[in-house]
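The values are calculated or read from the model by the stated rules, or taken from the named source; none is laboratory data. Just so you know, these numbers come straight off a predicted model, no measurement behind them. Because the Cβ atoms are built from the backbone with ideal geometry, glycine has one as well, and the counts that use them run over all protein chains shown. Only protein heavy atoms, including side chains, enter the accessible area calculation; ligands, DNA and RNA are left aside. Shrake-Rupley method; radii C 1.70, N 1.55, O 1.52, S 1.80 Å.
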Amino acid sequence: MRKAIFPGSFDPLTNGHLDILERSAPLFDEIVVAVLNNPDKKPMFTVEERCSMIGEVLEGVKRDGCRLTVESFSGLTAEFARRSGASAIVRGIRAVSDYEYELRMALMNRRLEPEIETVFLMADEEYSYVSSTLLKQVFMLGGRIDGLIPELVEQKMREKLS
Ligand code: ADP
């Protein structure tokens with residue numbers, strides 16, 4: 001069984017994340033969207049809120065026979081991957097600027113867990129400039145972000161703001 005984790009902050013989930021998930025689904029039997037519980041960051045949504053939103057959105061995702069689940073974790077990503085029985089860590093690359101950070105992380109994760117491979121997928125050009133942080137900033141300033149984020153997520157952002 002080929003199992004992968006797709007780790008990240010997902011604060012909140014964007015269409016860029018979904019694009020990577022849909023691209024990776026045909027490659028694996030199971031993918032766990034692994035939501036990092038990072039106490040250093042001040043998130044817009046709690047880990048529980050993020051997991052529940054992702055769970056709902058996943059129901060409408062093209063899965064190509066792949067089982068898609070969502071779990072939260074804290075601590076080392078590589079260790080979580082091993083504990084989950086995953087053989088791969090999926091990450092998305094948007095631009096050269098992502099590469100340097102991702103390369104360092106992938107090499108460190110390989111050192112920690114040599115059996116687990118990091119798999120990089122290229123973002124769709126349509127979403128290559130999309131990040132959770134940028135979308136939150138634009139949203140907070142009253143800008144339009146529809147089409148870049150699942151409708152459910154945008155609705156939850158509106159609820160947060162009010
Ligand atoms: P992290 O804080 O770990 O970078 P993110 O939630 O920002 O968590 O991102 C999780 C993963 O999704 C990362 O591999 C990131 O490169 C990828 N990603 C984020 N936004 C996009 C996008 N628009 N297109 C493709 N991949 C993306």
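From the list L121, L161, L135, L107, exactly one residue is within 16 Å of the ligand (Cβ to nearest atom), within 21 Å of V47 (Cα to Cα) and either within 14 Å of the chain's Cα centre (by Cα) or aliphatic (A, V, I, L, M) (or both). Which is it?
Every option except L135 fails the conditions.
List the pairs whose first member sits in the stretch 66-80 and is in contact (Cβ under 8 Å) with a residue 12 or more places away in the chain and polar (S, T, N, Q), whose second member is open to solvent by 60 Å² or more (accessible area, probe 1.4 Å) and not in a loop (DSSP other than H, G, I, E, B), and whose Cβ atoms are under 9 Å apart, counting only residues at least 6 apart or on separate chains?
The qualifying pairs are S72/E48; T77/M105; T77/L112.
Those residues that are open to solvent by 30 Å² or more (accessible area, probe 1.4 Å) and out of contact with any Lys or Arg (no Cβ under 9 Å at 6 or more places or on another chain), I need them from the stretch 27-52; list them, please.
Across the stretch 27-52, the qualifying residues are L36, N37, N38, P39, D40, K41, K42, T46, E48, S52.
Looking at the stretch 91-101, can you tell me whether even one residue there is loosely packed, with under 12 Cβ neighbours inside 10 Å, closer than 21 Å to L27 by Cβ and of a type outside the set (D, E)?
no
If K160 satisfies every condition in (1) out of contact with any Phe, Trp or Tyr (no Cβ under 9 Å at 6 or more places or on another chain); (2) assigned to a helix (DSSP H, G or I) but one, which is the exception?
All conditions pass for K160, except number (1).
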